[in-house]
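Trainee: There's a structure below that I have some questions on.
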Amino acid sequence: MNDIVIQTDKIVKTYASGSNEVHALRGIDLTVQRGEFVAIMGASGSGKSTLMNLLGCLDTPTSGSYSLDGVRVDGLDKNALAAIRNQKLGFVFQGFNLLPRTSAVENVELPLLYDRSGKKRDTQALAVAALTRVGLGDRMDHQPSELSGGQQQRVAIARALVTEPALVLADEPTGNLDTRTSTEVMALFQELNEQGITIVLVTHEHDIAVYAKRIVEVRDGRIRRDEPVKNRRSAMDDLQQEERSAA
């Protein structure tokens, strides 16, 4: 098994804006090993969202190379990129992106229904197992409107996990949640990471980034800082401390 999940070499992304060129990324070299938990930080316009789209195979670089879990993905066509996304990536978004009139288990099952690998699987059993893993075994048949924001994000995380991806990409996953619920979600991410799941999280909040193991800061399309998190926080400890304070 390849121990490197993400390997980029001098990734550049340039957009045409009328007669002008916008240099969103200016040569990104990034390596993420299996089992890491990386937070990508940066202000609006820094290039972090463009980088996330490239890592998620939602866009292609102007130049440079990108290998995902040992597969060279820059230069692939849209169909090949769609297959890579389905097989190797799990996505968690700020807005949850759940189908509104569909049960939790059906939402989680969805990526398996688009699986092009030809594997025959019991998709419902896998979805049930993923929901149980994130603590929603008793909410299988609930629709999103019947769930809290934190529970909806747990459904989204279960959906990201159900295909057993090489990498979970989380884009501002706590952006729509209150402080306590955000900490609960980060506790879940930390637990999943301890189980060996590789996570790359985009956030503009330092209070969220310190739950990761490593921070990569992007500014003006370049990586300006890449270092282990000093004084890393445990989200579960923070939740317990809050409960003791409230008692």
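The values are calculated or read from the model by the stated rules, or taken from the named source; none is laboratory data. For clarity, every value in this text was computed on a predicted model and none was experimentally measured. We place every Cβ from the backbone using ideal geometry, glycine too, and count neighbours over all the protein chains shown.
Trainee: I want to confirm something. Restricting to the stretch 221-247 and keeping residues that are at pLDDT below 95 and assigned to a loop (DSSP other than H, G, I, E, B), which single residue is farthest from L51 (Cα to Cα)?
Mentor: Per the stated criteria, the residue is A247.
Trainee: Quick check on the stretch 76-95. Is at least one of its residues within 15 Å of D29 (Cβ to Cβ) and over 13 Å from the mean Cα position of the chain (by Cα)?
Mentor: So far as the stretch 76-95 goes, no, none of its residues is within 15 Å of D29 (Cβ to Cβ) and over 13 Å from the mean Cα position of the chain (by Cα).
Trainee: Follow-up question, since we're still on this one. So the check is Cβ under 7 Å with 6+ separation or different chains; which pairs have a first residue in the stretch 70-94 that's over 22 Å from D171 (Cβ atoms) and a second one that's outside any strand (DSSP E or B) and at pLDDT below 95?
Mentor: G70/N2
Table: residues versus (1) surrounded by fewer than 23 Cβ atoms within 10 Å (Cβ to Cβ); (2) outside any helix (DSSP H, G or I); (3) of a type in the set (A, V, I, L, M); (4) in contact with a strand residue (DSSP E or B) (Cβ under 6 Å, 6 or more places away or on another chain).
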residue	(1), (2), (3), (4)
V155	no, no, yes, no
P165	yes, yes, no, yes
V168	yes, yes, yes, yes
R180	yes, no, no, no
E184	yes, no, no, no
A187	yes, no, yes, no
Q190	yes, no, no, no
N193	yes, no, no, yes
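Trainee: Select from the stretch 205-220 the residues that are at negative phi and assigned to a loop (DSSP other than H, G, I, E, B) and list them in ascending order.
Mentor: So in the stretch 205-220, the residues at negative phi come out as 205-219.
If the condition is that a residue be at negative phi and assigned to a loop (DSSP other than H, G, I, E, B), then E205, V210, Y211, A212, K213 are the ones that fit.
Trainee: Residues E36, E21: which one is over 30 Å from E146 (Cα atoms) and free of Cβ contacts under 8 Å to residues at least 12 places away in the same chain?
Mentor: Details: E36 fails: free of Cβ contacts under 8 Å to residues at least 12 places away in the same chain.
Within the list E36, E21, the selection yields E21.
Trainee: While we're here: Considering T14, T31, T8, which residue is at pLDDT 95 or above, in a strand (DSSP E or B), touching a His at 6+ places or on another chain (Cβ under 8 Å) and over 30 Å from Q151 (Cα atoms)?
Mentor: After applying the criteria, what remains is T14.
Trainee: Evaluate the following for S67: is it touching a residue at least 60 places away in the same chain (Cβ under 8 Å) and farther than 18 Å from I157 by Cα?
Mentor: Values: touching a residue at least 60 places away in the same chain (Cβ under 8 Å): yes; farther than 18 Å from I157 by Cα: yes.
In short, yes.
Trainee: Would you check if G221 is surrounded by fewer than 19 Cβ atoms within 10 Å (Cβ to Cβ) and of a type in the set (G, A, S)?
Mentor: Values: surrounded by fewer than 19 Cβ atoms within 10 Å (Cβ to Cβ): no; of a type in the set (G, A, S): yes.
Judged against the criteria, G221 is not a match.
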